[in-house]
Amino acid sequence: MPSEFNRIRRDPWLTVGLLLLLLLAGLSLLGPLLTPHDPHDMSFMPLSTPSAQHWLGVNDGGMDIYSELVHSLRNTLWFGLLAGVCGLLLGATGGLAAAWYGGWLDQLLMRLADIILALPAILVLILLAAFFRPDPAWLALTLAALAWPNSAKVIRAQALGLKNQLHLQAARRMGASVGYLLRRHLLPELFPLYLVALAAKIRMAVFMEATLAFLGLFDPARKSLGMMISYALKYYYLEIWPYWLLPPIICLTLLIMGATFLAVSLEKFFDPRLREL
C-alpha cells in the first residue's frame, strides 16, 4: 500500500488538480477578508478601467470587479460543494442499501436510478429556476437528487463484491450487526470511490451553477461567475472588457480543470481496468 500511495502522489494530474482546487478554495475563503470594497457597493464610476483602487476596474453598475469576482467564486464553489457532498451521500446510501439488502429494495432503487438517469438534469433545473425562483441551496439539493444514480450504481457493484468476502462472512457469523459491518468494513473499504464520485459531482455542479447564472435564473443580487460572464459580454466593445470578462472565465475554467484532473487521477489509480501496467 505505501508503494501505491507513493505512485499516486507522484501523479502530475493529481498534483495539478489539488493545487488548483486549494488555490481557488483559499481565494474564496480568504478573499472576502482581503477585498478592498464591498461587492454590492455601487458608488464608483461605472466602467472605469483598472487602477490602484480598483484592481480589475469597475463594472456597469459601479461595483468593484475584483471584489465581485472573489465573492462570485465563493458562491459558485459553495454551490458545487453542497451539490457534490449531498449527491455523494445519497449515492453511497442508495448503493450500499441496494447491495446489502438486495431483493425488492435493490430492484426499486436501481429502477429509480435508471429513471433519474434518463432525465436531463440541466432542463429540470432551468424549469425549476425559471418558474419557482428557489434559493440556490434548494437548486443544489435538487441537483444532488438528480446526480446520485451514477455513484450509487458504482458503489453497489463494488459492495456486492465485498459483501461475500471471507472476513465479512466471518464477522456476520460472529454476530456482528449490520451497522457494525457497514461502518467498520464496507464504508472504509469503499472510501476511494467516494473521492472519485465527489470530484466528478463537484465539477458537474460548478458547471451547472455557472450555466444557470449565465442564463439569468438566479437573483441578480447574488454574485456568480456565470452572471459576471453574462453581464461582461454586453460590453465587449469597451476598453474594460478583458478585465471584466476574462477573470471569471479563467476562474471557472481552472475550477473545472482542477476537479477534472483530480477525478481522472483518482479513477485511474483506483479502477483496476484503468491502471497503467
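The values are calculated or read from the model by the stated rules, or taken from the named source; none is laboratory data. Owing to the predicted nature of the structure, the values given are computational and were not obtained by experimental measurement. Cβ sites come from the backbone with ideal geometry, for glycine too, and all protein chains shown count toward neighbours.
Each row is one residue, and each column tells you yes or no for (1) surrounded by fewer than 18 Cβ atoms within 10 Å (Cβ to Cβ); (2) touching a residue at least 60 places away in the same chain (Cβ under 8 Å); (3) polar (S, T, N, Q).
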residue	(1), (2), (3)
L27	yes, no, no
L34	yes, no, no
T49	yes, yes, yes
G61	yes, no, no
S67	no, no, yes
L73	no, yes, no
G80	no, yes, no
A92	no, yes, no
All helices (runs of 4 or more DSSP H) inside segment 131-185 with 3 or more residues being under 18 Å from E209 (Cβ atoms): 136-163
Within segment 28-62, which residues are under 28 Å from the mean Cα position of the chain (by Cα), modelled with pLDDT of 90 or more and aliphatic (A, V, I, L, M)? L56
Residue that is nearest to E209 (Cα to Cα) [pool: residues in segment 20-39 that are in contact with a His (Cβ under 9 Å, 6 or more places away or on another chain) and assigned to a loop (DSSP other than H, G, I, E, B)]: P39
Picking from L112, L166, L128, L119, the residue that is in contact with a Ser or Thr (Cβ under 7 Å, 6 or more places away or on another chain) and without any contact (Cβ under 8 Å) to a residue 40 or more places away in the chain would be L128
Among the residues of segment 164-214 satisfying the criterion of being over 28 Å from L262 (Cα atoms) and either among the basic types (K, R) or at pLDDT 80 or above (or both), which is surrounded by the most Cβ atoms within 10 Å (Cβ to Cβ)? R172
With the requirement that a residue be of a type in the set (V, I, T), more than 18 Å from L252 (Cβ to Cβ) and modelled with pLDDT of 85 or more, what does segment 1-27 give you? T15
